[in-house]
Amino acid sequence: MQKSNQIEHPILELIKNRRSSRAFSKQPIEPGRIYSLFEATRWAPSSTNEQPWLYIYATHDQVALWTKLFDCLNAGNKLWAKDAPLLILSLARKNFSKYPGANVHAMYDLGGANSFLTLQAVEMGLQVRQMAGFDHAKTVKHIHVPIATYEVGVFMAVGYPGNPDTLPEKLKVREFEPRERFLQQEFVMNRIFD
Ligand SMILES: Cc1cc2nc3c(=O)[nH]c(=O)nc-3n(C[C@H](O)[C@H](O)[C@H](O)COP(=O)(O)O)c2cc1C
């Protein structure tokens, strides 16, 4: 599989400027900007316009709630997420509200909404790092997630860019590693399968 660390074709500045940072400034995020993050998700597309996403967020100064979210993360993520001024847990509603049955695209829609949130963050000078590295059982227990209704998606850490020198050495090195991507020929087909 061929990869490159170059942008091969023109893309939006927003996409160019996005990266999953681990180094966050402790600077709080203005409440209006937090509203804008979630507003961006309102305008994401979803199957039958179900909008199956739910977000639980906590700012660093909301110590009890922030710590509840933080405690669900795995040890590797805790190393760097400890300074994130905003933690978000994203969840997907499993069943359609208007029709009977499971919404099999709920998690797909949540991912789309999270991407909208992420690009809105970049537009405001923030960065987002999504995290699948968390303790699912702990999350359900500590956050009282009604699992008959919601599926846990990912956590997200959000903040203004910080100084990578504050990270543990191993993570600091990774912040500066080239970001490689598959070339389009590896995942785009202009033909059917053989
Ligand atoms: C669903 C999902 C789960 C992820 N989980 C973690 C995680 O638990 N810990 C972490 O440090 N990064 C996590 N990431 C970030 C990825 O490692 C990152 O997006 C990838 O290395 C590409 O880097 P970039 O986003 O800066 O382009 C996750 C990203 C996604 C989309």
Being free of Cβ contacts under 8 Å to residues at least 60 places away in the same chain and charged (D, E, K, R) is the filter; apply it to the range 70-87 and report the residue that is surrounded by the fewest Cβ atoms within 10 Å (Cβ to Cβ). Lys82
Unmet requirement for Tyr55, which otherwise passes all of (1) out of contact with any Asp or Glu (no Cβ under 7 Å at 6 or more places or on another chain); (2) assigned to a helix (DSSP H, G or I); (3) not acidic (Asp, Glu): (2)
Out of the residues in the range 1-40 that are among the hydroxyl-bearing types (Ser, Thr, Tyr) and more than 16 Å from the ligand (Cβ to nearest atom), state the one that is most open to solvent (accessible area, probe 1.4 Å). Tyr35
Condition check: within 13 Å of the ligand (Cβ to nearest atom) and in contact with a Leu (Cβ under 9 Å, 6 or more places away or on another chain). Does Leu91 satisfy that? no
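Give me a count of the residues in the range 150-169 that are of a type in the set (Ser, Thr, Tyr), out of contact with any Leu (no Cβ under 9 Å at 6 or more places or on another chain) and either modelled with pLDDT of 95 or more or within 21 Å of Gln51 (Cα to Cα) (or both).
0
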Test: residue in the range 98-107 that is more than 21 Å from Pro28 (Cβ to Cβ), touching a helix residue (DSSP H, G or I) at 6+ places or on another chain (Cβ under 9 Å) and among the basic types (Lys, Arg): yes
Within the range 99-184, which helices (runs of 4 or more DSSP H) (wholly inside it) include 1 or more residues that are of a type in the set (Phe, Trp, Tyr)? 106-123
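For every residue, the table says whether it meets (1) farther than 14 Å from Val154 by Cα; (2) surrounded by fewer than 20 Cβ atoms within 10 Å (Cβ to Cβ).
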| position | (1), (2) |
| --- | --- |
| Lys68 | yes, yes |
| Leu89 | no, no |
| Lys94 | yes, yes |
| Pro100 | yes, yes |
| Gly112 | no, yes |
| Met124 | yes, yes |
| Lys138 | no, yes |
| Lys141 | yes, yes |
What's the total number of residues in the range 165-185 that are open to solvent by 30 Å² or more (accessible area, probe 1.4 Å) and within 13 Å of the ligand (Cβ to nearest atom)? 10
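The values are calculated or read from the model by the stated rules, or taken from the named source; none is laboratory data. Here the structure is a predicted model, which means the values were calculated and not measured. Positions of Cβ are backbone-derived with ideal geometry, glycine not excepted, and every protein chain shown enters the neighbour counts. Remember, those area values only see protein heavy atoms, side chains included, never the ligands or the DNA or RNA. Shrake-Rupley method; radii C 1.70, N 1.55, O 1.52, S 1.80 Å.
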